[in-house]
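This report concerns only the one structure given below.
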Amino acid sequence: MHCVSSISTRVVWNGKVTDSFILSRGLREGHKVSVQKTKIYFLKNVKDDLKQQLSDNLGFARVNDLGKYLSVPLLHQMVSKGTYQYLIQKLQQKLLKWKTKTLSLAGHITLVKLILLALPMYAMQSM
């Protein structure tokens, strides 16, 4: 397997193609890629034979789900009602753990509001 040593690219910016430039971040010459740790994800519109050929040539395992990063699912599909169901479950778990006898009603309301605001904000910022 050959390593990528340098990459030059062009992008479309405001409808116009820019001049070619060399990337200065990311993989650089000499950086090794761990084949055991690296996985490859393909969109649905990529043909199966191309998926197989690329994963075989690169030596990377194919995955259908990218998993989680910092406890937040990496989304690669359209967002639906069930996408954030894990947030509701996480909140319910936290509510069950709190000792209800030690907090007043105002304390309960404040705590629930705080958690209801914090969990979705964290999830949205992590995407």
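Taken together, the values in this text are just the output of simple stated rules run on the coordinates, not laboratory data. What you are looking at is a predicted structure, and each value in this text was computed from that prediction instead of being measured. Please note: Cβ atoms are built from the backbone with ideal geometry, for glycine as well, and neighbour counts cover all protein chains shown.
A few comments on the model shown:
- Ascending count of other beta-carbon atoms within 10 Å, so fewest first, for 79, 112: 79, 112
- Footprinting exposure proxy for 13, 98 (fewest neighbouring C-beta atoms within 10 Å first): 13, 98
- Residues 121, 78, ranked from the fewest to the most other C-beta atoms within 10 Å, line up as 78, 121.
- Cα-Cα over 23 Å, subset of 39/90; 37/81; 68/94; 39/81; 81/113; 51/81: 39/90; 37/81; 39/81; 51/81
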